[in-house]
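Reviewing the structure listed below.
The values are calculated or read from the model by the stated rules, or taken from the named source; none is laboratory data. Small disclaimer: the values here were computed from a predicted structure and weren't measured. Note that each Cβ is placed from the backbone with ideal geometry, even for glycine, and that neighbours are counted across all protein chains shown.
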Amino acid sequence: MSEEQKKVILTCAQPSGNLHLGNYFGAVKNWRSYLEQGECFFGIANMHAITMPYVPANLRKSVYDLVAIYISCGLDPERCHIFLQSQVQGHTDLAWILACLCPLGQLERMTQYKQKSAKQGDSVGAGLLYYPALMAADILIYNADAVPVGEDQRQHVELTRDLAIKFNNTYSDTFKVPELHIPTTGARIKSLQDPDKKMSKSDSNQAGCVYLLDEPSVIRKKIGSAVTDSGCEVVASEDKPGISNLLSIMAACTGKSVSELEKEFAGQNYGVFKAAVADEVVKLLAPIQAKYKEVSADKAFLDKVLADGAEAAQRRVNRLMGKVYRKVGFNELVR
Ligand code: ATP
Ligand code: MG
């Protein structure tokens, strides 16, 4: 396959805390399958992470934790580019150009903006509103064919597609309109404490989140105290969001369907089911945790992964940004 024919896959996670089961099933596990399918760019979106209150020293540390977790989950840096968003010049330049094309009302209607700004009251920064323009730039600047994300990012990728079309119509054909890829299982894992909300790194209630690096005893405790519903049958239904969520987690861990699991646990009580879910999660995470211990200890290796990733990303970005600058009427960059 020639370089030009190869599909480009782009996606990112924020270093806003440790990855959890939602990030694994909705994103990273699924990303692994793209290693075979084309050239993959897996970003660490540290510029997005400053749209919410944060501590600079923690942000720097979280970047390394995230590189190590990506690798531990099977994103082999020999077969993909793992890069840090702030080390690649061009993302914010393109974000500005796209923001100038983006109707303000569309940004104000984004669900993530509404939910995250509600947590901040009057102190909400303009960066949170502008977040989808930066995310669109992250994707379009690589001329990505496919963007694998969890369900919560559907709206942002749809906006990215709109902005690609709008740019192409305004300035002439430049960007591919990327495809949204959402996994069939585990695309929206809910908080264990509030199954009406998605599991989130930035959730203040840590008990609702199973982190990939949680000790087995912590995992058992969190799943054991997950909010369940009235009744006692292990079945998925709209009025049983807690049990439905645990069934989704179990299905994503085992590869079995929810209906197979309902049959398997027919007549069992919630306690037995929760213990079985915890066993599967512990089993799934054990090799990831072992690999993390090894990889995270080698900071020089992690720096090398980021340096190689930034170099490959920058090469691709430069090609496209030269074109974008010409089309929008900017003078050539002086390098
Ligand atoms: P934050 O609360 O800081 O936004 P997050 O948990 O939402 O953190 P992100 O870094 O924003 O994580 O998202 C990384 C990837 O994980 C995205 O592809 C996103 O769609 C996916 N993802 C996030 N939460 C879930 C979830 N609960 N279920 C499935 N996928 C998820
Ligand atoms: Mg998020």
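Take the stretch 191-202 and flag every residue that is in a loop (DSSP other than H, G, I, E, B) and in contact with a strand residue (DSSP E or B) (Cβ under 9 Å, 6 or more places away or on another chain). Quick ask: steps written out before the conclusion?
In the first step, residues of the stretch 191-202 are kept if they are in a loop (DSSP other than H, G, I, E, B); the result is 191-197, 199-202.
Correct list: 191, 196, 197, 199, 200, 201.
Would you check which residues across the stretch 195-223 are away from ligand 2 (no atom under 16 Å from the Cβ), of a type in the set (A, V, I, L, M) and within 22 Å of residue 52 (Cβ to Cβ) and list them?
207, 210, 213 - these are the residues of the stretch 195-223 that are away from ligand 2 (no atom under 16 Å from the Cβ), of a type in the set (A, V, I, L, M) and within 22 Å of residue 52 (Cβ to Cβ).
Looking only at the stretch 148-190, how many residues end up being part of a loop (DSSP other than H, G, I, E, B), touching a residue at least 24 places away in the same chain (Cβ under 8 Å) and either within 16 Å of ligand 2 (Cβ to nearest atom) or not aromatic (Phe, Trp, Tyr) (or both)?
13
If a residue has to be in contact (Cβ under 8 Å) with a residue 12 or more places away in the chain and exposed (fewer than 15 other Cβ atoms within 10 Å of the Cβ) to count, how many in the stretch 227-244 make the cut?
Within the stretch 227-244, residues that are in contact (Cβ under 8 Å) with a residue 12 or more places away in the chain and exposed (fewer than 15 other Cβ atoms within 10 Å of the Cβ) number 1.
Considering the stretch 208-220 alone, what residues qualify as being more than 15 Å from ligand 1 (Cβ to nearest atom) and out of contact with any Asp or Glu (no Cβ under 9 Å at 6 or more places or on another chain)?
Residues satisfying the conditions are 215, 216, 217, 218, 219.
Please count how many residues of the stretch 138-161 are more than 16 Å from ligand 1 (Cβ to nearest atom) and either at positive phi or among the small types (Gly, Ala, Ser) (or both).
1
Among all residue pairs at least 6 apart or on different chains, which show Cβ distances below 8 Å where the first residue, located in the stretch 100-122, is in the same structural domain as residue 171 (by TED's automatic domain parsing) and within 19 Å of residue 197 (Cα to Cα) and the second is away from ligand 1 (no atom under 16 Å from the Cβ) and modelled with pLDDT of 95 or more?
From residues that are in the same structural domain as residue 171 (by TED's automatic domain parsing) and within 19 Å of residue 197 (Cα to Cα), the pairs are 113/107.
Given the residues 162, 173, 196, which is the only one that is surrounded by fewer than 18 Cβ atoms within 10 Å (Cβ to Cβ) and not assigned by TED's automatic domain parsing to the domain that holds residue 37?
Matching residue, one of 162, 173, 196: 196.
Of 222, 263, 291, 304, which residue is within 23 Å of the chain's Cα centre (by Cα) and either surrounded by fewer than 14 Cβ atoms within 10 Å (Cβ to Cβ) or at positive phi (or both)?
304
Would you mention how many residues in the stretch 21-37 are more than 16 Å from ligand 2 (Cβ to nearest atom), closer than 18 Å to residue 252 by Cβ and either of a type in the set (S, T, N, Q) or in contact with a Ser or Thr (Cβ under 7 Å, 6 or more places away or on another chain) (or both)?
Step one: filter the stretch 21-37 for residues more than 16 Å from ligand 2 (Cβ to nearest atom), giving 29, 32-37.
When the remaining residues are screened for being closer than 18 Å to residue 252 by Cβ, the result is 29, 32-34.
Now restrict to residues that are either of a type in the set (S, T, N, Q) or in contact with a Ser or Thr (Cβ under 7 Å, 6 or more places away or on another chain) (or both): 33.
Total meeting the criteria: 1.
Residue under question is residue 142, and the condition is that it be more than 16 Å from ligand 2 (Cβ to nearest atom) and crowded, with 18+ Cβ neighbours inside 10 Å; does it hold?
Criteria met by residue 142.
Condition (residue is closer than 26 Å to residue 40 by Cβ and in a loop (DSSP other than H, G, I, E, B)) applied to the stretch 258-265: is it met by at least one residue?
No, the conditions are met nowhere in the stretch 258-265.
Among the residues of the stretch 9-20, is any more than 16 Å from ligand 2 (Cβ to nearest atom) and in contact (Cβ under 8 Å) with a residue 40 or more places away in the chain?
yes
May I ask you to list the residues in the stretch 215-253 that are closer than 21 Å to residue 282 by Cα and in contact with a Pro (Cβ under 7 Å, 6 or more places away or on another chain)?
Step one: filter the stretch 215-253 for residues closer than 21 Å to residue 282 by Cα, giving 215-228, 234, 242-253.
Scanning the stretch 215-253 gives 227, 242, 245.
Considering 186, 127, which residue is within 15 Å of ligand 1 (Cβ to nearest atom) and either at pLDDT 95 or above or among the hydrophobic types (A, V, I, L, M, F, W, C) (or both)?
127
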